[in-house]
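Visitor: This is the structure I have questions about; it appears just below.
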Amino acid sequence: MKRRSFLTWFSAGWVASCLPLAIAACSPTNTENATSTPEPAPPPRTDGFELAGTVADLDRDSQIIKTIAGNKVAVIRNPKDSNALIALDALCTHQACTVTWKLEQKEFSCGCHGSKFAPDGAVTKGPATDPLKSYQAKIEGDKVLVKVS
Ligand code: FES
């Protein structure tokens, strides 16, 4: 075989062997997702409750902090009844820093100036003097829902 025809055959063979790999690389990896249509969004709720997070989020972090309808809300499990939820405005009534739930102490704490609040939002230590506003909250399936209006 002459050198020229060897190189032609070698090149053609190399391209032929690489073609399936090139096609596979360009095709979608999950053909099920590529052909299925996305699920439609659930209809808007009519009861005023909005999604704050999931039960898994709540149990992993012991709190959910989420802005709902312009209100920063903190949601926890009620320390006296873990099946019930407590939702409070998460902005400290002193100068509006975000409070965080301290699971061991069973209180909300503000890191800015040290105010503390009971699970029901009552001030237990100043300088804040006003309680945290409370909201309705519930669990529906795996969702944590809050109603701020
Ligand atoms: Fe919370 Fe000052 S902002 S104690």
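Visitor: Residues with beta-carbon under 10 Å from that of Pro131, excluding Pro131: net charge, scoring Lys, Arg +1 and Asp, Glu -1? Don't skip to the answer; put the middle values down first.
Guide: Numbers: positive: Lys133; negative: Asp89, Asp120, Asp130.
Taking every Cβ under 10 Å from that of Pro131, the sum is -2.
Visitor: Computing the accessible area with a 1.4 Å probe over protein heavy atoms, can you report the carbon and sulfur percentage for the stretch 60-125?
Guide: 47
The values are calculated or read from the model by the stated rules, or taken from the named source; none is laboratory data. Model, not experiment: these values are computed from the prediction. For neighbour counting, all protein chains shown are included, and Cβ atoms are generated from backbone atoms with ideal geometry for every residue, glycine included. Calculation scope for accessible area: heavy atoms of the full protein, side chains included, ligands and nucleic acids excluded. Shrake-Rupley method; radii C 1.70, N 1.55, O 1.52, S 1.80 Å.
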